[in-house]
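Data block below; observations after.
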Amino acid sequence: MSGIPMHSPEASTSPVTDRVHCPGAGLRRAVFALLVLSSAAGGVFLMFSILRANDTTILEWGILALFTVTFTWIVAAFWSAVAGFVLSLARRHPLTLAASPVPDSGPTGRVAVVMPVYNEDPGRVLAGLEATWHSLVATGAGERFDFHLLSDTRDEAIAEAEAAGCAELAERLDADGRLFYRRRDDNAGRKAGNIADFCRRWGGRYDFMVVLDADSVMSGDALLALARTMWRHPSAGIIQTVPIPVRQRTPFGRFLQFAARLYSPMLATGLSFWQMDAANYWGHNAIIRVRAFSDCCGLPALPGRPPLGGDILSHDFVEAALMRRGGWHVYLLPEIEGSYEEVPSNLLDFAKRDRRWAQGNLQHLRLLAAYGLHPLSRVHFLMGATAYISSLLWLFMLALSTVDALTRALNQGEFFRRGYQLFPDWPVAKTTEIASLLMITVALLLLPKVLGVLRALLRADERRAFGGGWRLAWNALTETVFSVLIAPVMMVFHAGFVLAVLSGSRTGWDPQVRDGRAVAWREAARRTALATIGGLLWGGVTAWLALGFFWWLTPIVAGLVLAAPIVVCSSRLDWGEWMVRSGTWAAPEERRPPAVLGLLDTTLAAEGRGAARRLPALPPERPLAMPVQSLERGAHWRRTRVRLS
């Protein structure tokens, strides 16, 4: 780095040429694209050779088209995992490819830690802020950070509790002048509008802002690492960490927590390796350069009516794309630890959250042709939408395959199917090719998990953190079995979400259920009835008419038929407590809790907080303009540059 001094908030903070050095950037992306496209082409050709053996029908052409999309998606995830595995074992940084860690020293700038909330549990929200505050103070470098609770809450009782709790917390921490509470009268634009309002009113006071969700907790070391890294790289607009799920007490929550902790760092390393300065933003647990965000990220409303028009729901992807369009760089740094979040504790609440994300990601398809975007920003839009569309495509492909199998089973004795036919149409069975393609697909799906386990086993520190090699291997095996079991249920849910959005159904803006919640049998049966009935009919018909094909479908049919018991049993709190005691699906953060999580638990357990005298006054406003961006071709936008002095 050239040691360029950071601009003050009052000065221009447009991008400069100083950036993170990523050797061989063009070659990396070219090789990655070649690996993905060539691997996908091989799988598609193998599928085509299977289908064309017996006079390809319209159904089979449809199967091939759907397979092409879904198989390419699987291949891209596989090669990202391979890249992450190699770099992790070699202990090389995914951006610089250097072995030495990034220096963790230097200035931080002036930083706002902002937490937008909407009808959340005030106790949990304030406990997370307090734990993060104490962890930051413990570093001895927290005087440059202010905390802002940005409320969009509509429930008056919750809003009163937020204000009273924030006043009490500020008084108890002696944080008057550094901990603030603001509630908007008009919550236009949802979370994105909440952040934009902060930037327009107080953005000029800060160099950077760290965005937290209501369930986020970050260690002081992580906050300092983000701020110092952003300071060192004046061309960086957003730096994203990898939030790790914690504090889960149901089997389903523990499944998500264990899987994320085991696989996410490796997968994020692979993504960072080929995305480099055009990574994505996930909406929280990231640091943002405030003036760059204000200049580039004023979100327009999409033309048309919801669900595909109106407010942009998954605003984070779009903000990253606009930031990159403005010439700023977006980085994913998986090596920054101490970034935590909480996740839904049962499968139904998890699916409910995905319903909103599905709508937001499908909106992104309308932005694929937006003017001036970096090619990887378009890839992010496409991959985000494909994550949900692929479920519908898999369902269609399985349905078409079933129809094709049943048709062949019913017509297997007909060898003269055309008039005046001299020779019979003998069926050609490509058993070897079918088995090969199936094994390749399963391998591509499971190998990233195998690599994640190998990575942990081969690194002594990781192996010990998970409780030893045998415990890690057993937990990973049972996690894989459970993931296979719930995959058909999630496929049906996601397919239904996509169809609902395409048919014009919009989702609401509800707070996420974050505490452990056991699902009753009645609710589970009602929410999974379609999947269960479909699984019974699907399995019954194929078992009766095409028994050979039925055995291939068994994992899918089993997951659908057992949907309700899976939902209920995986949400049971008593089963979750047994898993905690036995170490089942235990992550390192549970075995040896980081200090910030211990602070969170202590704060949540504390009782008898007194009442504060007053709410701290908001700081004087220092506005920043945040113009609404246009995404249409020919619209006025500029990619700014600053010359080095």
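The values are calculated or read from the model by the stated rules, or taken from the named source; none is laboratory data. Note that the structure is a prediction, hence the values are computed from the model and not measured. Glycine also receives a Cβ, built like all others from the backbone with ideal geometry; neighbour counts cover every protein chain displayed. The protein model used for the area step is the full one, side chains on, heavy atoms only, and it has no ligands, DNA or RNA in it. Shrake-Rupley method; radii C 1.70, N 1.55, O 1.52, S 1.80 Å.
For Leu126, the conditions (1) without any contact (Cβ under 8 Å) to a residue 40 or more places away in the chain; (2) aliphatic (A, V, I, L, M); (3) assigned to a helix (DSSP H, G or I) all hold with the exception of (1). Of all the listed residues (Ser49, Ser80), the sole one being under 30 Å from the mean Cα position of the chain (by Cα), open to solvent by less than 20 Å² (accessible area, probe 1.4 Å) and either among the charged types (D, E, K, R) or at pLDDT 75 or above (or both) is Ser80. For the stretch 206-238, the tally of residues that are open to solvent by less than 10 Å² (accessible area, probe 1.4 Å), among the small types (Gly, Ala, Ser) and in a loop (DSSP other than H, G, I, E, B) stands at 3. In summary, Arg289 fulfils each of the numbered conditions (1) under 20 Å from the mean Cα position of the chain (by Cα); (2) open to solvent by less than 10 Å² (accessible area, probe 1.4 Å) with the single exception of condition (1).
Per the listing Arg622, Arg609, the residue uniquely part of a loop (DSSP other than H, G, I, E, B), open to solvent by 90 Å² or more (accessible area, probe 1.4 Å), touching a helix residue (DSSP H, G or I) at 6+ places or on another chain (Cβ under 9 Å) and at pLDDT 90 or above is Arg622.
Of the residues making up the stretch 131-151, just one is of a type in the set (Asp, Glu) and either at pLDDT below 95 or surrounded by fewer than 19 Cβ atoms within 10 Å (Cβ to Cβ) (or both), namely Glu143.
The set of residues from the stretch 243-264 being open to solvent by 20 Å² or more (accessible area, probe 1.4 Å) and more than 17 Å from Thr480 (Cα to Cα) comprises Arg247, Arg249.
Among the residues of the stretch 559-578, those identified as of a type in the set (Gly, Ala, Ser) and in a helix (DSSP H, G or I) are Gly559, Ala563, Ala564, Gly576. Check the stretch 360-373 and report whether any residue there is among the hydroxyl-bearing types (Ser, Thr, Tyr) and within 17 Å of the chain's Cα centre (by Cα). No: zero hits.
Strands (runs of 3 or more DSSP E) fully within the stretch 270-361 that include at least 2 residues being more than 30 Å from Ile566 (Cβ to Cβ) and β-branched (Val, Ile, Thr): 286-289. Of the residues making up the stretch 564-578, not one is surrounded by 22 or more Cβ atoms within 10 Å (Cβ to Cβ), among the aliphatic types (A, V, I, L, M) and modelled with pLDDT under 95. Candidates Arg353, Arg366, Arg325: the one that is open to solvent by less than 10 Å² (accessible area, probe 1.4 Å) and either touching a strand residue (DSSP E or B) at 6+ places or on another chain (Cβ under 6 Å) or in contact (Cβ under 8 Å) with a residue 40 or more places away in the chain (or both) is Arg325. What about Gly516, is it small (Gly, Ala, Ser), at pLDDT below 95 and under 17 Å from Ser401 (Cβ atoms)? Taking the combined requirement at face value, the residue does not satisfy it.
I need the full set of residues from the stretch 177-205 which are assigned to a loop (DSSP other than H, G, I, E, B) and free of Cβ contacts under 8 Å to residues at least 40 places away in the same chain, in order please. So that I can check it myself, show each step before the final result.
Within the stretch 177-205, the subset assigned to a loop (DSSP other than H, G, I, E, B) is 177-178, 184-189.
Hits for the stretch 177-205 are Arg178, Arg184, Asp185, Asp186, Ala188.
Cβ separations smaller than 9 Å between residues 6+ apart or across chains give the following pairs from the stretch 110-123 residues that are of a type in the set (Lys, Arg) to residues that are outside any strand (DSSP E or B): Arg110/Ser8; Arg110/Pro9; Arg110/Arg144; Arg110/Arg205; Arg110/Tyr206; Arg110/Asp207.
Would you pick out the residues in the stretch 409-465 that are open to solvent by less than 40 Å² (accessible area, probe 1.4 Å), modelled with pLDDT of 75 or more, in contact with a Phe, Trp or Tyr (Cβ under 9 Å, 6 or more places away or on another chain) and not hydrophobic (A, V, I, L, M, F, W, C)? Thr441, Pro448, Gly452, Arg455, listed by residue number.
Residues in the stretch 239-248 include at least one that is outside any loop (DSSP other than H, G, I, E, B), under 13 Å from Tyr331 (Cα atoms), among the aliphatic types (A, V, I, L, M) and touching a helix residue (DSSP H, G or I) at 6+ places or on another chain (Cβ under 9 Å).
Could you tell me whether Trp282 is closer than 19 Å to Leu95 by Cβ and over 17 Å from the mean Cα position of the chain (by Cα)? When the stated conditions are applied, Trp282 does not pass them.
In the set (1) surrounded by fewer than 16 Cβ atoms within 10 Å (Cβ to Cβ); (2) free of Cβ contacts under 8 Å to residues at least 60 places away in the same chain; (3) in a helix (DSSP H, G or I), the condition left unmet by Pro593 is number (3).
Only residues that are in contact with a helix residue (DSSP H, G or I) (Cβ under 7 Å, 6 or more places away or on another chain) and part of a helix (DSSP H, G or I): list them for the stretch 362-380, please. Quick ask: steps written out before the conclusion?
Here is the first cut: in the stretch 362-380, the residues in contact with a helix residue (DSSP H, G or I) (Cβ under 7 Å, 6 or more places away or on another chain) are 362, 364-365, 367-368, 372-374, 376-377, 380.
Matches in the stretch 362-380: Leu362, His364, Leu365, Leu367, Leu376, Ser377, His380.
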